[in-house]
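Structure record follows, encoded as structure tokens.
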Amino acid sequence: MPTLLWMATIWMLSARGQSGEDSGYLLASLLAWLGNPEGTDPYARLVVHAAARKLAHFGAFAVLALLALRATGSGRARHAWGLAVAWAILDEWHQSFVLGRSGNPRDVMIDAAGATWAMWGLWIHLRLSRPLGRPAGPHPVRGAGPS
């Protein structure tokens, strides 16, 4: 259920037109809170705004991949990754029909990178947290090792 809720959240956020204005307002509020409302170079604000939006894509699909892995079982990392990437493609296609938005293949690549990073990060974490000398076998919690 958490996976479906997260997918619905991504879908609803994608359905919002002019989302750049919303995130721009959030960035301006953050800069004001940090004590620099007008002193920041406008170009720097644009760069930070674009980076924050792309980082949000990356993070949202990293979370989706981890939730999908939790839902499908730890031995199905490829399935979880595939679900996240398929949702990224569908999300960008959906955005192409939303007024004020556009579908961008670059965003799909960023989303896929987030999902990949999450899968690799979890795999590395599981490998490093395994006691020395313990062979790679069934995961002690779920009964299946990472793929």
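The values are calculated or read from the model by the stated rules, or taken from the named source; none is laboratory data. Remember, it's a predicted structure, so these values are computed and weren't measured experimentally. All Cβ positions, even for glycine, are placed from backbone atoms using ideal geometry, and neighbour counts span all protein chains on display.
Things worth noting here:
- Scanning the range 46-80 for residues that are at pLDDT below 85, out of contact with any helix residue (DSSP H, G or I) (no Cβ under 7 Å at 6 or more places or on another chain) and surrounded by 12 or more Cβ atoms within 10 Å (Cβ to Cβ) yields Leu46, Ala50, Gly73, Ser74, Gly75.
- Selected residue (only one of Leu99, Leu90, Leu83 is part of a helix (DSSP H, G or I) and either touching a residue at least 12 places away in the same chain (Cβ under 8 Å) or of a type outside the set (A, V, I, L, M, F, W, C) (or both)): Leu83
- Yes/no for Ala77 being of a type in the set (A, V, I, L, M, F, W, C), free of Cβ contacts under 8 Å to residues at least 60 places away in the same chain and touching a Leu at 6+ places or on another chain (Cβ under 8 Å): no
- Take the conditions (1) more than 22 Å from Arg16 (Cβ to Cβ); (2) in a helix (DSSP H, G or I); (3) touching a His at 6+ places or on another chain (Cβ under 6 Å); His125 misses just one of them, which is (3).
- The number of residues in the range 11-44 being in contact with a Leu (Cβ under 7 Å, 6 or more places away or on another chain) and either loosely packed, with under 13 Cβ neighbours inside 10 Å or modelled with pLDDT of 65 or more (or both) comes to 2.
- Positions within the range 83-94 being over 16 Å from Ala8 (Cβ atoms) and either at pLDDT 95 or above or aromatic (Phe, Trp, Tyr) (or both), in sequence order: Val85, Ile89, Trp93
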